[in-house]
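Since the structure comes first, as structure tokens, the remarks are kept for the end.
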Amino acid sequence: MKPLKTLLYLAFLWILVAVTSCASSGEILPLRKAVKGSTFNDDGEYRLGVNDVIEMKVAGQPDYNGNYVISQSGVLNLPLTGSIQARGMTERQLLRVLEGRLRNYIKNPVITLSIISYESYKVFISGTVRNPGVFIFKESTTIVQAIAVAGGLTPLSNGEIILHRKKPNGVIGKYTVDYDDLIRGPASIASFVLERGDVLYVQ
């Protein structure tokens with residue numbers, strides 16, 4: 001590995017450790033063995049995370065309308081409803097909680113929620129892509145889609161991709177896949193979805 005590529009690789013590993021504050025495993029496994037994260041539920045619905053911004057509108061109650069940020073502790077503080085542990089909830093789950101709490105103050109509240117900033121869905125991309133960096137995505141994103149956003153592979157790339165992902169036990173797992181396999185391989189690999197905090201290193 002060339003010195004510059006090595007420095008980029010180490011820099012992004014440092015970012016990953018800073019974000020997740022956990023240890024890294026040395027073993028590299030095939031991508032198909034990567035553990036599923038918690039960014040999306042089994043129905044593909046996005047789960048809210050820290051720093052995501054929610055817009056709330058209550059029909060006929062303009063004083064309650066506004067944008068609200070999920071705190072570092074995962075809490076959402078809204079008028080009248082008090083603190084809600086929103087991290088890990090889907091938009092629909094949060095809506096049900098809000099409706100239940102606002103009924104104590106408003107008869108049959110009509111609430112509209114929307115996620116206007118997906119700040120927690122960050123993915124780090126480094127190595128032989130044209131525009132390495134930190135990317136925030138608004139919907140489920142595959143590796144191929146993420147690399148396209150990063151400008152695609154450079155002519156120096158050999159196509160090998162290493163994914164670093166936090167496991168439930170806090171250890172960072174490392175998984176590898178070839179770019180051509182993502183393009184021409186089975187659907188289960190081509191449709192592999194990135195999770196918040198994932199780090200991609202393209203060789």
Out of 130, 96, 87, I need the residue that is surrounded by 18 or more Cβ atoms within 10 Å (Cβ to Cβ), among the basic types (Lys, Arg) and on the phi < 0 side of the Ramachandran plot. Which one? 87
Filtered residue count, the stretch 61-117, keeping only those that are over 25 Å from residue 42 (Cβ atoms), among the basic types (Lys, Arg) and within 24 Å of the chain's Cα centre (by Cα): 0
Could you grab me the full set of residues in the stretch 166-203 that are within 24 Å of residue 40 (Cα to Cα), in contact with a helix residue (DSSP H, G or I) (Cβ under 9 Å, 6 or more places away or on another chain) and in a strand (DSSP E or B)? 166, 172, 173, 175, 176, 177, 193, 199, 200, 201
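If a residue has to be outside any loop (DSSP other than H, G, I, E, B) and loosely packed, with under 14 Cβ neighbours inside 10 Å to count, how many in the stretch 48-65 make the cut?
Narrowing the stretch 48-65 to residues outside any loop (DSSP other than H, G, I, E, B): 53-58, 62-64.
Cutting the leftovers down to loosely packed, with under 14 Cβ neighbours inside 10 Å gives us 62-63.
Of the residues in that region, 2 qualify.
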Residue 124 meets each of (1) surrounded by fewer than 19 Cβ atoms within 10 Å (Cβ to Cβ); (2) assigned to a strand (DSSP E or B) with one exception, condition (1)
Yes or no: residue 144 hydrophobic (A, V, I, L, M, F, W, C) and modelled with pLDDT under 95? no
Restricting the stretch 131-158 to residues that are hydrophobic (A, V, I, L, M, F, W, C) and part of a strand (DSSP E or B), the one farthest from residue 39 (Cα to Cα) turns out to be 153
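Is the stretch 101-109 home to any residue that is modelled with pLDDT of 95 or more and not assigned by TED's automatic domain parsing to the domain that holds residue 167?
Step one: of the stretch 101-109, the residues modelled with pLDDT of 95 or more are none.
Within the stretch 101-109, none of the residues are modelled with pLDDT of 95 or more and not assigned by TED's automatic domain parsing to the domain that holds residue 167.
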Within the stretch 177-203, take every residue that is among the polar types (S, T, N, Q) and surrounded by fewer than 16 Cβ atoms within 10 Å (Cβ to Cβ) and give me the one that is farthest from residue 124 (Cα to Cα). 188
With the requirement that a residue be surrounded by 16 or more Cβ atoms within 10 Å (Cβ to Cβ) and not small (Gly, Ala, Ser), what does the stretch 133-143 give you? 135, 137, 141, 143
Taking the residues in the stretch 20-34 that are assigned to a loop (DSSP other than H, G, I, E, B) and surrounded by fewer than 13 Cβ atoms within 10 Å (Cβ to Cβ) as candidates, determine which candidate is modelled with the highest pLDDT. 23
Going residue by residue through the stretch 154-165, is there one that turns out to be free of Cβ contacts under 8 Å to residues at least 24 places away in the same chain and either touching a Gly at 6+ places or on another chain (Cβ under 6 Å) or in the same structural domain as residue 182 (by TED's automatic domain parsing) (or both)? yes
With the structure loaded, tell me whether residue 113 is in the same structural domain as residue 57 (by TED's automatic domain parsing) and among the hydrophobic types (A, V, I, L, M, F, W, C) or whether it fails that test. yes
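The values are calculated or read from the model by the stated rules, or taken from the named source; none is laboratory data. Given the structure is predicted, the values throughout are model-derived calculations rather than measurements. With ideal geometry, Cβ positions are generated from the backbone for all residues, glycine too; neighbour counts draw on all protein chains shown.
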